[in-house]
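Trainee: Okay, handing you the structure first.
The values are calculated or read from the model by the stated rules, or taken from the named source; none is laboratory data. Model, not experiment: these values are computed from the prediction. Note: ideal-geometry Cβ built from the backbone for every residue, glycine included; neighbour counts use all protein chains shown. All accessible areas refer to the heavy atoms of the entire protein, side chains included, with ligands and DNA or RNA removed. Shrake-Rupley method; radii C 1.70, N 1.55, O 1.52, S 1.80 Å.
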Protein chains: 2
Amino acid sequence: MELSVAYLGTGGPAPTRLRGLPSVLISREGFRIMVDCGEGTQRQMRLSTGLVRVDEIYLTHFHLDHCMGIPGLLKTYDLNDREEPIRILGPVGTVQFMEDLRPFTGRLGFHVEVEEISDRDVVGYPGFEVEAFETAHRTTSLGYAILEDDRPGKIDPDEAARLGVSDGPSLGALQDGRSVTGDQGEVRPEQVMGEDRPGRAVVVTGDTGPSPRTVEAAAEADLLIHDSSFLSEDSERAAETAHSTAAQAAGIAAEAGVKMLSLVHISARYHVGAVVEEARETFADTNAPRDYDLVRIPFPEKGPPELVREGAIRSGEPEE
Amino acid sequence: MELSVAYLGTGGPAPTRLRGLPSVLISREGFRIMVDCGEGTQRQMRLSTGLVRVDEIYLTHFHLDHCMGIPGLLKTYDLNDREEPIRILGPVGTVQFMEDLRPFTGRLGFHVEVEEISDRDVVGYPGFEVEAFETAHRTTSLGYAILEDDRPGKIDPDEAARLGVSDGPSLGALQDGRSVTGDQGEVRPEQVMGEDRPGRAVVVTGDTGPSPRTVEAAAEADLLIHDSSFLSEDSERAAETAHSTAAQAAGIAAEAGVKMLSLVHISARYHVGAVVEEARETFADTNAPRDYDLVRIPFPEKGPPELVREGAIRSGEPEE
């Protein structure tokens, strides 16, 4: 079951030649959650994933670089005759933010639902949930943990055989949680299945200083996408502006025991290689994705998360 | 004296892979006037001209694709400690538009002056003026004609010699409009200069159907940048949406007697080559600039306007 993160904009607070404003698109079996939507996000989609249908947009906070792509994206969906509703969730202030946008978005042909959430709120979906966690920025701000439900344990084929079930279809039914009738009568899934296995987890912070709440929310996550605005040499500036240094982001990743750390929002003053290097001293599995990169997150038994350079770019005909 | 137009965004109403939302940057001797500022314009600048100081922004109308780059551009200027004021001019509604943006732009460290203008209003600058002209869209909309002042005529060196002036510095002073003393006494400029020569003119329409006001405002302009949303095969749709076909844009250019016609806002449904071809049947000197192209407009005696592919891209070090 596909779980991936497309990096639509890895820069901030101002765009550079190579990096657009913050936005990531998390896809799970065709359901798409965008976290943040900086100015230019619809164009970044055109340049990579295509203008796919986003189902929900989570905003981390309302600093301009994280949210000014919303009106244009909604307008373009409208131009393309979108009918499906979209939901926009974020911290206290989201309702006002969307109200303030109304003069610009005008009437749209689809419903925009707006919902304010706060620390530890959980939004449920079939097969996963999104947990909000408070981050440490200069304004009310939330990060989001996309947490898959536990998966059923792995079937023990020897135990199943002992109970008289060995044909493929019956083993498949047991794995899917249904009882079957074997040579020796009924066999229930719990008789042959190992313990539930944890689902996958992707955690996105938005802008934040280092915070114990992030460690908690990102515990054992497959991927943590964390603010890394500064190098340690500028840690005072990081503290003043409530951002993180690369070393701090790496410290959070190490403490949370995540599998992969992606650094974003790196100040344009630095060489990105130096930023990654600083983080790797504390946490080895660190990268700094570029715009249009993709992280694929397989189930753990299939391998670790994998960064695919330009993996978000859909191949297609040139437009002109 | 340099006069050029950098095409920052040639698409619309939605961005495509190759074309950003509407914005052109007109530079005259380091003074920069932007016409329209669609979402992503600050990034388009980063990718071409660099984030240069724009002095004035003229808005043609308030449809989202033409103006949603304003808050981000202003914020980024602020982040870069801009101190120079900026003026934003546009039709009735500009004050309300900027007021509606206030929740997003917040406090800025430089002054933003806002001014509403209307048909036939003229804004003066040293050496040129901008004349607003009403265009024919579905909302109050203006186009803008950037019109240089007449230049002094060319000096007649034979006549000057006859009056006793032949040295370079004295001829230069006469050309600059100052009297000089020659071998036979004072010589005034008007004694040796030909008739005033017309200044250069660049005209930008924004979104519009064909309009006699555009013909009038663009009379003998060096460059007309005109809406060309549709091909003639879709002329009904063009009329319904108050846009122009390529043939209509070319008709305007021919009637106005301009030197060069640039087609913009071409619907993504068409092959751009076909759109240019349709226009050229009526007006030969037609092109469809791509993002980051530049048109250089020399004084007429130095040659015709010239389209330079990717001419707006400033060479520089890569950013990472």
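Trainee: So B:THR140 ticks every box in (1) more than 24 Å from B:ARG32 (Cα to Cα); (2) among the β-branched types (Val, Ile, Thr); (3) within 14 Å of chain A (Cβ to nearest Cβ) but one. Which box is left unticked?
Mentor: B:THR140 satisfies all of (1) more than 24 Å from B:ARG32 (Cα to Cα); (2) among the β-branched types (Val, Ile, Thr); (3) within 14 Å of chain A (Cβ to nearest Cβ) except (3).
Trainee: Please tell me if B:THR49 is in contact with a Leu (Cβ under 7 Å, 6 or more places away or on another chain) and open to solvent by 10 Å² or more (accessible area, probe 1.4 Å).
Mentor: It is true that B:THR49 is in contact with a Leu (Cβ under 7 Å, 6 or more places away or on another chain) and open to solvent by 10 Å² or more (accessible area, probe 1.4 Å).
Trainee: Still on this structure, I have one more. If you check B:SER27, B:SER23, which single one turns out to be under 17 Å from B:GLY311 (Cβ atoms), of a type in the set (Gly, Ala, Ser) and free of Cβ contacts under 8 Å to residues at least 40 places away in the same chain?
Mentor: Only one candidate qualifies: B:SER27.
Trainee: In the same structural domain as B:THR208 (by TED's automatic domain parsing), at pLDDT 95 or above and more than 30 Å from B:PRO198 (Cβ to Cβ) - does that describe any residue in the stretch B:117-136?
Mentor: Checked against the condition, which is being in the same structural domain as B:THR208 (by TED's automatic domain parsing), at pLDDT 95 or above and more than 30 Å from B:PRO198 (Cβ to Cβ), the stretch B:117-136 yields no hits at all.
Trainee: Does any residue of the stretch A:66-84 turn out to be free of Cβ contacts under 8 Å to residues at least 24 places away in the same chain and open to solvent by 20 Å² or more (accessible area, probe 1.4 Å)?
Mentor: Yes, the stretch A:66-84 contains at least one residue that is free of Cβ contacts under 8 Å to residues at least 24 places away in the same chain and open to solvent by 20 Å² or more (accessible area, probe 1.4 Å).
Trainee: So, in the stretch B:257-271, of the ones that are closer than 13 Å to B:ASP285 by Cα and among the hydrophobic types (A, V, I, L, M, F, W, C), which residue ends up nearest to the other protein chains (Cβ to nearest Cβ)?
Mentor: Per the criteria, the residue is B:LEU263.
Trainee: Which of the numbered conditions does A:ALA274 fail, given that it passes all the others? Conditions: (1) open to solvent by 20 Å² or more (accessible area, probe 1.4 Å); (2) in a helix (DSSP H, G or I); (3) away from every other protein chain (no Cβ under 14 Å).
Mentor: If we test A:ALA274 against (1) open to solvent by 20 Å² or more (accessible area, probe 1.4 Å); (2) in a helix (DSSP H, G or I); (3) away from every other protein chain (no Cβ under 14 Å), just (3) comes out false.
Trainee: If I ask for residues that are open to solvent by 100 Å² or more (accessible area, probe 1.4 Å) and either in contact with a Phe, Trp or Tyr (Cβ under 8 Å, 6 or more places away or on another chain) or without any contact (Cβ under 8 Å) to a residue 24 or more places away in the chain (or both), which ones from the stretch A:278-300 would you list?
Mentor: Hit for the stretch A:278-300 is A:ARG290, nothing else.
Trainee: Further, regarding this structure: Going through the stretch A:18-36 one residue at a time, which ones are more than 9 Å from every other protein chain (Cβ to nearest Cβ), part of a loop (DSSP other than H, G, I, E, B) and surrounded by 24 or more Cβ atoms within 10 Å (Cβ to Cβ)?
Mentor: If the condition is that a residue be more than 9 Å from every other protein chain (Cβ to nearest Cβ), part of a loop (DSSP other than H, G, I, E, B) and surrounded by 24 or more Cβ atoms within 10 Å (Cβ to Cβ), then A:PRO22, A:ASP36 are the ones that fit.
Trainee: Another question, if that's okay. Quick one: which strands (runs of 3 or more DSSP E) sit completely within the stretch A:180-268 and have at least 1 residues that are under 26 Å from the mean Cα position of the chain (by Cα), free of Cβ contacts under 8 Å to residues at least 60 places away in the same chain and within 28 Å of A:PRO298 (Cβ to Cβ)?
Mentor: It comes to A:201-204, A:223-227, A:260-264.
Trainee: Next question. Identify all residues within the stretch B:134-150 that are polar (S, T, N, Q) and either open to solvent by less than 50 Å² (accessible area, probe 1.4 Å) or in a helix (DSSP H, G or I) (or both); write none if there are none.
Mentor: B:THR135, B:SER141, listed by residue number.
Trainee: Kindly list the number of the only condition in (1) free of Cβ contacts under 8 Å to residues at least 60 places away in the same chain; (2) open to solvent by 10 Å² or more (accessible area, probe 1.4 Å); (3) under 21 Å from B:PRO15 (Cβ atoms) that fails for A:ASP55.
Mentor: (3)
Trainee: Of all the residues that make up the stretch B:7-17, how many are more than 8 Å from chain A (Cβ to nearest Cβ) and touching a Gly at 6+ places or on another chain (Cβ under 8 Å)?
Mentor: Number of matching residues: 5.
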